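Peer 1: Let me begin by handing over the structure; questions about it come next.
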Amino acid sequence: MKSVGNEPVARRRRRPWLIALPVGILAALGLAWTAFWFQAASTTRTVLVGWQEREASLGRTYKCDEQSVGGFPFRFSLRCGAPQVTFSRTTPPTVFSARDAVVTAQVWQPDLIVGELAGPLEIADVADNAALTVSWTLAQASLHGLPTSPEHAAFVLDRPSVVARRADTSAQTLLGEASRAAFDARIVSGSARRDPVLELSLVLDDALAPALGRAAAMPLDLDATGVLHGLKDLSPHSARETLRALQAANGRLEVTRLRVQQGDVIATGAGTLRLSPRGALDGELDVSVVNVDKLLPLLGVDRLVSRLLPQSTREKLAPQLDKLMPGLGGLLRGNGGGGGSAADGAGSGSAGAALGPSTEVEGKKAVRLPLRILDGRVMLGPFEIAELAPLY
């Protein structure tokens, strides 16, 4: 073998195809992937146009001031500037509008769609000239399954607030706010197109709703889970139409878990809720309350007793009721509750003879009593604490 110096000529020969072949393969794959992505993006635009046209024919109009598809190379991202949804055939017609919306899906996981909405969200009641404004610092949503056949949806809002206003006045009313709100919906039987049964959950942190009275005017935490029966399908409808259809189908919400905490007052419960023929809540929850003596003044029971009983009668009853529930006598006198100690369970476990049987909640003494809702009238044990307006 010929050699130059000490190196054989064969060893010095170059094989450029060994380098060019993988580079060529990578280039071909890159071109194919680019062609696939842009073709899929074009198909997405076409599908969206067709979907918008079909929805418009059903009285549901979806519009964007600006619309674009991006995310190349490994995801698809749809951006909608100034999104607006109009339900023109609902009663009354309703318009939803926001500042910006972005929906994203990864190429390798197309059945998981993640969205982010920039607020505020305006919900306008065209007929009543009224509107709700929902604001937040961050709003995210996720959807498992295809948009036409969803399986699981989740929504999370940071610092949400809801304000009601009328277009003919500058006055605004704060309906509610929280530090965090999370909502989850999952199909547990049926399908989105036929007889879906939904497991629903709602978590609120530091929530308050001043318009609902003293009990809701101070921050509370809520954790609730239930199973909703009676929906025909999950096609878009207004809230009123959905509730009317639920009532007509004898739909029900089975509350499997309910926990509310406000300070050292804790309430847990479970039961079933329905809608009455006029659209008001109906049903019963079996509730256990820790420190019920601190809850009663917040529910307005002191004012109720003052209207029903003269001062002389309240004075006579107070000492006996204090023996049953420390602090309840003071409530009757008009001095407010809270005379018991949370540490020893006073006002809770010893109140069984006064309001209901004793029980325990999270290792603390509590009172068990029914929360009955009779066509909107809310009864906690023997006390009527509120009357709720019909939902539609």
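The values are calculated or read from the model by the stated rules, or taken from the named source; none is laboratory data. Computed from a predicted structure; not experimentally measured. Note that we place each Cβ from the backbone using ideal geometry, even for glycine, and neighbour counts take in every protein chain shown.
Peer 1: Given (1) surrounded by 16 or more Cβ atoms within 10 Å (Cβ to Cβ); (2) over 17 Å from the mean Cα position of the chain (by Cα); (3) free of Cβ contacts under 8 Å to residues at least 40 places away in the same chain, identify the lone condition not met by Leu258.
Peer 2: It fails just one condition, (2).
Peer 1: Return the residue satisfying two criteria in turn: it lies in region 380-389 and is surrounded by fewer than 17 Cβ atoms within 10 Å (Cβ to Cβ) and over 25 Å from the mean Cα position of the chain (by Cα), and of such residues it is farthest from Arg214 (Cα to Cα).
Peer 2: Pro382
This table checks each residue for (1) under 20 Å from the mean Cα position of the chain (by Cα); (2) closer than 30 Å to Tyr392 by Cβ; (3) surrounded by 14 or more Cβ atoms within 10 Å (Cβ to Cβ).
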{"residue": "Phe74", "(1), (2), (3)": "no, no, no"}
{"residue": "Gln84", "(1), (2), (3)": "no, yes, yes"}
{"residue": "Ser88", "(1), (2), (3)": "no, yes, no"}
{"residue": "Pro120", "(1), (2), (3)": "yes, yes, yes"}
{"residue": "Leu132", "(1), (2), (3)": "yes, yes, yes"}
{"residue": "Ala141", "(1), (2), (3)": "yes, yes, yes"}
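Peer 1: How many residues, within region 268-295, are assigned to a strand (DSSP E or B) and not acidic (Asp, Glu)?
Peer 2: Final tally of qualifying residues: 15.
Peer 1: How many residues does region 58-101 contain that are within 23 Å of Leu132 (Cβ to Cβ) and modelled with pLDDT of 85 or more?
Peer 2: Summing the residues that are within 23 Å of Leu132 (Cβ to Cβ) and modelled with pLDDT of 85 or more in region 58-101 gives 19.
Peer 1: Turning to a different aspect of this structure: Answer yes or no: is there a residue in region 185-196 that is at pLDDT below 90, buried (at least 16 other Cβ atoms within 10 Å of the Cβ), touching a Pro at 6+ places or on another chain (Cβ under 8 Å) and not in a strand (DSSP E or B).
Peer 2: yes
Peer 1: Filter region 165-181 down to the residues that are in a strand (DSSP E or B) and surrounded by 16 or more Cβ atoms within 10 Å (Cβ to Cβ), then identify the one that is farthest from the chain's Cα centre (by Cα).
Peer 2: Across region 165-181, the extreme among qualifying residues is Leu175.
Peer 1: Return the residues of region 217-237 that are modelled with pLDDT under 90 and either basic (Lys, Arg) or surrounded by fewer than 17 Cβ atoms within 10 Å (Cβ to Cβ) (or both); say none if nothing qualifies.
Peer 2: Across region 217-237, the qualifying residues are Ala217, Met218, Ser235, Pro236.
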